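Take a look at the structure set out below.
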Amino acid sequence: MKQTKSSLFPFRSNSAIKLIRIFLFATVVIFMNSLEISAQIKIYVNTDLEGISGVFNFTQTREKGSPENIQACEYFMNDLAAVINGLRDGGATEVVVLDGHGNQAVVPHLMVPGATYITGKPRSGAGNLTTLDSSFAAMVMVGFHAMNGTHDGVLNHTQSSKSENRYWYNGVESGELVQNAVIAGYYGVPFIMVTGDVATCREATHFFGDNVVTVATKKGLSREAAELYPFEETRKALYEGAKKAMSVIPKCKPYHLDFPVKAKKQYLQKVSGSSETELVTKEKVILNPLQILDL
């Protein structure tokens, strides 16, 4: 008996073909959406002022609104622009900048496109790391400084240079790089790049390893003296470093301490009724990474 074409392909009805088309279309849509989601790479840029190109004395960083400070903030915005452009050209789809310096450094009319900028106070978030969460692929530290007491660290301090704060976690003295890394690590966010003077870059490599990209903006001679590098050179290096940093994301792991942590803080405090100061020591067991600064 001769078989007809329809008997050989019993499911090739119009309704069946429509169902197949709908299924294939849905599959393609789901696949494309998954590609789009996987391609989203958010970078959190945490900033400070002391490690910026051309900054080497406390007048530039402490005296808000002074001519020296205004100029330093312009230096800051140019360094930051180089990093943002490098991150975007390296594949970042979203860049969020945190104005992390105590009296703020962002100059709105100098903002470059390709990022959003968080500034002003008060702000929420542990360590003032506003909006930081696990959706970020990595963190970049721009314009940072070495921990208090670093002999060749330009404007070295930890949290406060006026009270000369020093911090230890499980017996290891640590600065602001580690403090920020602990909070970022809580959210599973690794450091991929640190910029600042040579001492800051050395500190970053010591704590976070060789995979972290470091860019030196100057070389410290003492706390308020530095061998400065031309802006054209530092900003080219910042751009190239940021672009490279995007490629090391898979190699960089979030930074973690073993909690609970035995923490110690030392600082200078004025003696009541006197111009003298005394050294105060506080110790505490910290149970949560988000409380790393609660001393």
Exercise. Using just the C-alpha positions of the range 96-136 as equal point scatterers, what log10 of I(q)/I(0) does the Debye formula give at each q in 0.14, 0.23 1/Å?
Worked result: -0.33, -0.82
Problem set entry | Exceeding the 19 Å Cα-Cα cut-off - candidates 162/262; 162/270; 162/218 | 162/262; 162/218
Exercise. Got a sec to turn the phi values of the range 54-71 into Karplus ³J(HN,Hα) couplings, 6.51 cos²θ - 1.76 cosθ + 1.60 with θ = phi - 60°, whole Hz, x for Gly and Pro?
Worked result: x, 9, 8, 9, 5, 4, 5, 10, 9, 8, 4, x, 6, x, 5, 5, 4, 5
Exercise. Within the range 182-226, whose backbone N sits under 18 Å from a point 7 Å along Cα→Cβ of residue 151?
Worked result: 198-203, 219-226
For this session: In a Gaussian network model over the chain where Cα atoms closer than 10 Å are linked, find which of 225, 181, 199 has the largest mean-square fluctuation.
Result: 225
For this session: Please list the radius of gyration and Dmax for the range 221-287, considering alpha-carbon atoms only, with Å as the unit.
Result: 21.2, 57
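At 0.36 nm per residue, and after removing the present C-alpha to C-alpha distance, how many nm does the segment from residue 259 to residue 135 gain when stretched out fully? Kindly include the intermediate steps, with their values, before the conclusion.
On the way: separation 124, 0.36 × 124 = 44.64 nm, distance 2.34 nm.
Gain in length upon complete extension: 42.3 nm.
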Exercise. So which residue, out of 89, 258, 79, gets the largest mean-square fluctuation from a GNM of the chain using Cα contacts under 10 Å as springs?
Worked result: 258
Problem set entry | Per-residue ³J(HN,Hα) for the range 128-141, Karplus 6.51 cos²θ - 1.76 cosθ + 1.60, θ = phi - 60°, Hz, x for Gly and Pro | 6, 7, 4, 6, 5, 7, 6, 6, 7, 7, 6, 10, 10, 10
Seminar exercise, completed: XL table 219/243; 42/243; 64/236; Cα-Cα > 25 Å flagged, in table order, is 64/236
Problem set entry | Two-decimal Rg to Rh for the range 192-261 - Kirkwood Rh, Cα set | 1.05
For this session: Tell me which residues come under 5 Å, amide H to amide H, from residue 221 once H is placed; ignore anything under 5 positions away on its chain.
Result: 226, 227
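On average, how much area does the Cα convex hull of the chain cover when viewed from any direction, in nm²? If you can, show how the numbers build up before the last one.
On the way: hull surface 93.1 nm².
Over all viewing directions, the chain projects a mean Cα-hull area of 23.3 nm².
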For this session: Hey, could you get me the Stokes-Einstein D for the range 84-162, Kirkwood radius over alpha-carbon pairs, 4 °C and 1.567 mPa s, rounded to whole µm² s⁻¹?
Result: 89
For this session: Report, in debye and to the nearest 20, how large the dipole of the range 37-126 comes out about its Cα centre when Lys and Arg carry +1 and Asp and Glu carry -1 on their Cβ.
Result: 280
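For the range 174-223, what does the equivalent ellipsoid look like in terms of its semi-axes, each the square root of 5 times an eigenvalue of the Cα gyration tensor, given largest first in whole Å?
Working: eigenvalues 85, 27, 13 Å².
Listed largest to smallest, the semi-axes of the range 174-223 are 21, 12, 8 Å.
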Seminar exercise, completed: Comparing 134, 275, 53 in a Gaussian network model of the chain (Cα, 10 Å), the one with the largest mean-square fluctuation is 275
Seminar exercise, completed: Given backbone amide H placed at 1.01 Å from N, residues whose amide H is under 5 Å from that of residue 98, ignoring those fewer than 5 places away on the same chain, are 45, 46, 47, 118
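The numbers here are math on the coordinates, done by the rules we state, and not lab data. Fair warning: this is a prediction, and the values are worked out from it, not measured in the lab. Glycine gets a Cβ as well: all are built from the backbone with ideal geometry, and neighbour counts include every protein chain shown.
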